[in-house]
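The values are calculated or read from the model by the stated rules, or taken from the named source; none is laboratory data. All of these numbers come straight from a predicted model, not from anything done at the bench. Positions of Cβ are generated from backbone atoms using ideal geometry, with glycine treated the same way; all protein chains shown enter the neighbour counts. For accessibility, only protein heavy atoms count, side chains too; no ligands or nucleic acids. Shrake-Rupley method; radii C 1.70, N 1.55, O 1.52, S 1.80 Å.
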Amino acid sequence: MPFAHNLASVRARIAAACAAAGRDPAAVELLAVSKTVPVEGLREALRAGQRAFGENYLQEALGKIAALAGEPVQWHHIGAIQSNKTADIAAHFDWVHGVERLKIAQRLSEQRPPARPPLNLCVQVNVSGEASKAGCQPDQVLALCRAITGLPGLRLRGLMTLPAPLAQASDPRAPFRLLRQLLEQVRAEGLALDTLSMGMSDDLEPAIAEGANLLRIGTALFGRRAGKPAP
Ligand SMILES: *Cc1c(COP(=O)(O)O)cnc(C)c1O
């Protein structure tokens, strides 16, 4: 798997998008989404200098976390979080991106081992307006962020979104613009959020144009996943 080659291509795309937006590429963090990638693929990525990995499926992730114990990996949980998974997630991850309800944040807070630094957290927002999409509604974001800010063991970092696929959008920047505006509103209320977790393999350019500073990239780094249709 030519991870180093793919990483260079993605970094070139990030650099070009940042240049077009007048932004510093050093301010854009790259999360390698390694769901379904065998642990050997993560080792190759580590050798290429990648440190942050994103996983959706808990059992699969726990196996990789155990296999790579001692390596300098930062683990991000990026999928939806069910109540019965919070203890393992609180114990083993550095970041969570899929929090859309206070109850999940409360459980993560209670279950975060005191010996570990606070769990970094992004609130997931549904910016596409479809009932089926995950994430809280835009008008719930401020209240949810306020409630999470008071919880021990957590550090609220920002907002995350997974918009409808680009092909369906007439204005590809619109969902990312909405997330940025929501972050600005929450910050204007005095909450110190610093992270916009948005942008994937097919839409990192419009995400960067709207201020993304944590990209979640899978396919463009590791190749197409089994079961994922060709574009
Ligand atoms: C799978 C996944 C990604 C990566 O998507 P690609 O299109 O493969 O880059 C990013 N974020 C979330 C939440 C995902 O589930």
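Rounded to the nearest 20 debye, what is the charge dipole size of region 1-117 about its Cα centre when +1 sits on each Lys and Arg Cβ and -1 on each Asp and Glu Cβ?
So the dipole magnitude of region 1-117 works out to roughly 140 debye.
Considering only Q106, L159, Q137, whose Cα is most displaced toward the positive end of the charge dipole of region 78-179, charges sitting on Cβ of Lys, Arg (+1) and Asp, Glu (-1)?
Q106
Evaluate the Kirkwood expression for the hydrodynamic radius of region 32-137, namely the inverse of the mean inverse distance over all pairs of different C-alpha atoms, and round to one decimal in Å.
When all Cα pairs of region 32-137 are included, the Kirkwood radius is 14.4 Å.
Hey, got a sec? Which trypsin sites (Lys or Arg not before Pro) in region 67-142 land in a DSSP loop and have at most 14 other Cβ atoms within 10 Å?
none
As an exercise, use a Förster radius of 45 Å and the Cβ-Cβ distance of E110 and V39 to find the FRET efficiency, rounded to the nearest 0.05.
0.90
Would you work out what percent of the accessible area of region 148-208, with all protein chains in place, is carbon or sulfur (probe 1.4 Å)?
Carbon plus sulfur share of accessible area: 51 percent.
P(r) for the chain: what percent of alpha-carbon pairs falls in each 5 Å bin, starting at zero?
In whole percents, the pair-distance histogram is 1, 7, 15, 18, 20, 18, 13, 7, 1, 0.
Using unit Cβ charges (K, R positive; D, E negative) and no other charged atoms, how large, in debye to the nearest 20, is the dipole of the chain about its Cα centre?
That gives the chain a dipole magnitude of about 260 debye.
In terms of Cα to Cα distance under 16 Å, which aspartates and glutamates are near enough to K133, apart from those fewer than 8 places away along the same chain?
K133 reaches E100.
Mind listing which chymotrypsin sites (Phe, Trp or Tyr not before Pro) in region 57-138 are in a DSSP loop and have 13 or fewer other Cβ atoms within 10 Å?
Within region 57-138, the qualifying chymotrypsin sites (Phe, Trp or Tyr not before Pro) (loop, at most 13 other Cβ atoms within 10 Å) are Y57.
Can you give me the pair-distance distribution of region 1-86, C-alpha pairs, 5 Å bins, whole percents?
Reading upward from the zero bin: 3, 13, 22, 20, 17, 12, 8, 4, 1.
Using 0.36 nm per residue of separation minus the Cα-Cα distance, give me the extension gain between D202 and A134 in nm, one decimal.
22.6 nm
Specify whether the C-alpha gyration tensor of region 111-190 places it in the rounded, prolate or oblate class, a ≥ b ≥ c being the square roots of the eigenvalues: rounded for a/c under 1.5, otherwise prolate if a/b is larger than b/c and oblate if not.
prolate
Mind checking which of I65, G79, T219 is farthest towards the positive end of the chain's charge dipole, using Cβ charges of +1 (Lys, Arg) and -1 (Asp, Glu) about the Cα centre?
After comparing all options, I get I65.
Under the definition of Cα pairs under 8 Å and six or more residues apart, what whole-number percent is the relative contact order of the chain?
21 percent
Can you compute the modelled spin-label distance between A26 and A69, with each label point 7 Å from Cα toward Cβ, in nm?
In this crude label model, A26 to A69 measures out at 3.6 nm.
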